[in-house]
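The values are calculated or read from the model by the stated rules, or taken from the named source; none is laboratory data. Given the structure is predicted, the values throughout are model-derived calculations rather than measurements. Note that each Cβ is placed from the backbone with ideal geometry, even for glycine, and that neighbours are counted across all protein chains shown.
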Amino acid sequence: MVRSLVRTWSSASSLVLALTTLLLACVPGASAARGGIGGTQMLYTSSAVYCSPPEAILISALDLKFYRENRTLEFDLSAASVQEDLRVSVSVNVNAYGLGLFSLAIDLCDTISVLCPLPTYQFQGAGIFSVPEQFVSQIPTIAFTVPNLEAVATVELTDANNTVVGCVQATLSNGKTTFQPAAKWAVLGVFALAVVSSVLHTSLASSLGAAQWRVVDVLTTIQHIPMSALLSLNYPQVFTEFARNFAWSIGLINISAIQDSILSTREKTGGARDGTFGALLQAESGKQFNPFTSAGTSSGATSAFTSWRPFSFLTLPQSGESSMQSLNAGKEGAYAAFGRLAAPLSFRMRNLGKRQVYAPYTGPGGQIASNAGSSYLPVISSNTPPPIGLGYFAELNNISPASAFLTVLVSLAMVFAALLVICVAVYVLAALLRLVTRRRGGRVAAWSRRLTGGWFLGMFCRPLFGRFVMATFQVYLVFAFWQWLRGDSWVPDLLAAVLLVVYLGGIAAIYFPVFRAVRRDGKQELFYGSTPPANAPGTAKRWGAIAHPFRPRYFWFGLVFGLVYFVRACFISFAQGYGHGLRQSIGLAATDLLFFLVLCICRPGRDKTSDFVMIFLMVFRVISWGICIALTPLADIQTIPRVVLGFALIVVTGIPIIFLFLLTVWDLISPFIRRRQWNATRLGDSELNDKSTYAFGNVGTGEGAASEPLSSDSSDNAGSPSHLSPSSTVPQRKSSLSRGEADSGAAAAAAAGGAALRPQPTQQNSTASGVSGQTVYYDARPAP
């Protein structure tokens, strides 16, 4: 049995280490791996609580440290006995991932005589034990290297009648974790880069550049990581801690002053304090790692390899021995090891003074009121299930579950305020540049005149606020539904309803004019076609931005994203609760799988690149929900494979962020590194003569189509062509990735009208163009 256990650990270790090598290379040891005797590979207690109500001992602190290099075990205990002549023995059972690592027993009367009987005053004791080599060799190396170790040590004190008089559960850690501030700031930098790219490209040219909408892809992909941690599942600790790095993307930002204000508001409007935080939360979640509790059993921990016998790992019979000889040898080895462990290398005890612990700390029936003093360990129930779901994730970020919605609301308000500041700052900058360049020409002058003109709201502000709605709508729905499900105050309930009306009103204000314009003028009017953006029709300037990410046939496809956000939020929030993880996971997987098929069949993207990006991101979403299905209790995945799935979930949710980072960088710099695009006006007639077609927009322009007539709102900078005859048309260049979807009906109607064309735009007076999803810049100086 022991050999099979060792083989199980070895195979599992190799699997986990193969997945975590890259992670561990950049995961530094936590500050808890502090100095002391021994090296950096250590196990220590990160939290300690009573696992049953204390009967005769009050414990203030328990600290255990095991150092691998020099095989030493340190302990530090602060306690007091409330019973006279109490003689106890101590048993320690350590379990990692539901598997018994080791068990040991110490008879205090035989080893530390000063603690027999236990003093009836408050005392502090500390000691160092030497651990046998044969015992240390059985502890897998992975226990010291894998991040977010799932291990607990159960310390039981029994009296002479073998009655348990004290039980303490200590959660163990090795100092490694996937919660890294460096990772948080790195991803926040990716998002900031996408914001800068979006604002830059929107302000420089109102074109079809993919960089403008890339910020929505980036933020929603980052949000998917913490969203994946909100289900009612027994997640591996390694993934929940990893998801904490991105809690800011869904608005769970812990600012003490704001949390105090939110709590005060809730308490004044019917709410109450709630939530478990810090070490107590670690202990509540850590009890699932203990196979001897009902919480541990329900979470998938197994006691198949765990024994209450002292040093069950030390029963190592040699081949060729009989079963009885093996058993005797195992027992002798165990007790020999116990004898060496029982002699401490050092021990010290300090009397902290006699305390009156009888009357003040007794409750009804004479039992000890264990939480009467704040200095004593709290009590957790081993029969209650461990915390899960959205509320648990909020608690991990030190936010009360009932305060989650208001916290997200404040975060959304701060983002909206930042967006307003960006709009005002760009307008002020453009106004100042317009004053400076009022008597000059050139790109800067044309840019400042365009942004300070009448189209500033339609061509700059409206696209930015549309992207804000698309990027935050799903987050709002998740926490609004959660508030209506678990809220305890009427103020956040009311605010959630009001904000829902605001969001729906904003979406209607964006799309209703779009549908009306399409019905009146045709969907081609939403796109620039062959007309320079500065000289485009008013419909394209005012309402076209919301349709530009998609083909003309699917100009409304943004509403499909909104519908998918709504369905996801329903499964995440309304299905919260124990035993509901399976329906959440299957519902989300089915929703995104159906959406994936829609993307593959319809291909609504503006070009092949856009379709590829949407489908690529959706593939990883579907895979991540599939892993969540494997984490449900019905899948019956054991502890170590469950941790392996946690690392797989990290990889599946992390790859899209790396992909979008590279794509964002390319979107940002590609227009500036293409000399042919940046200096297009300097190529003159050769550019026009070499290319048979040239289009200012990459959607809705067919091969060989003529340029669109200029609207009455055309830019003042539009001048007469200097190198084309008045009757000629502007050649067009079609992108290799663009889709030729010319509206033949609209073109025929325009030709039948016989309206005289205004002077055609040229590369000398156009401001920007979108080719293959990239922004292309042109000289905007007026013709002489």
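Output the number of residues of region 66-101 satisfying the condition of being over 12 Å from residue 154 (Cβ atoms) and in contact with a Phe, Trp or Tyr (Cβ under 9 Å, 6 or more places away or on another chain). Working first, answer last.
Initial filter on region 66-101 (over 12 Å from residue 154 (Cβ atoms)): 66-89, 96-99.
Filter once more, so that each one left must be in contact with a Phe, Trp or Tyr (Cβ under 9 Å, 6 or more places away or on another chain): 66, 68, 71-75, 77-82, 96-99.
Selection size over region 66-101: 17.
Is there a residue in region 242-257 that is assigned by TED's automatic domain parsing to the domain that holds residue 562, hydroxyl-bearing (Ser, Thr, Tyr), more than 15 Å from the chain's Cα centre (by Cα) and surrounded by fewer than 21 Cβ atoms within 10 Å (Cβ to Cβ)?
Step one: list which residues in region 242-257 are assigned by TED's automatic domain parsing to the domain that holds residue 562, which gives 242-257.
Then keep just the ones that are hydroxyl-bearing (Ser, Thr, Tyr); that gives 249, 256.
Checking which are more than 15 Å from the chain's Cα centre (by Cα) leaves us with 256.
Narrowing further to those that are surrounded by fewer than 21 Cβ atoms within 10 Å (Cβ to Cβ): 256.
Yes, region 242-257 has at least one match.
With respect to the numbered conditions (1) at pLDDT 85 or above; (2) crowded, with 18+ Cβ neighbours inside 10 Å, which one is the sole condition not fulfilled by residue 436?
Here residue 436 clears every test but (2).
If you go through region 77-135, how many residues are on the phi > 0 side of the Ramachandran plot and more than 42 Å from the chain's Cα centre (by Cα)?
Here is the first cut: in region 77-135, the ones on the phi > 0 side of the Ramachandran plot are 85, 97-98.
Applying the additional criterion that residues be more than 42 Å from the chain's Cα centre (by Cα) yields 85.
The number of residues fulfilling the criteria is 1.
Taking region 72-90 as the search range and keeping residues that are surrounded by 19 or more Cβ atoms within 10 Å (Cβ to Cβ), among the polar types (S, T, N, Q) and modelled with pLDDT of 80 or more, which one is farthest from residue 54 (Cα to Cα)?
Here the residue is 72.
Filter region 122-156 down to residues that are closer than 25 Å to residue 380 by Cα and among the aromatic types (Phe, Trp, Tyr), then give me how many there are.
Result for region 122-156: 1.
Can you name every residue in region 592-615 that is crowded, with 17+ Cβ neighbours inside 10 Å, of a type outside the set (S, T, N, Q) and on the phi < 0 side of the Ramachandran plot?
Within region 592-615, 592, 595, 596, 599, 604, 605, 606, 607, 611, 613, 614 qualify.
Only one of these is surrounded by fewer than 21 Cβ atoms within 10 Å (Cβ to Cβ) and part of a loop (DSSP other than H, G, I, E, B): 577, 562. Name it.
On the way: 562 fails: part of a loop (DSSP other than H, G, I, E, B).
The match here is 577.
Being under 20 Å from residue 653 (Cα atoms), assigned to a loop (DSSP other than H, G, I, E, B) and of a type in the set (Ser, Thr, Tyr), is that true of even one residue in region 608-625?
Within region 608-625 (the criterion being under 20 Å from residue 653 (Cα atoms), assigned to a loop (DSSP other than H, G, I, E, B) and of a type in the set (Ser, Thr, Tyr)), the answer is no, since none of the residues qualifies.
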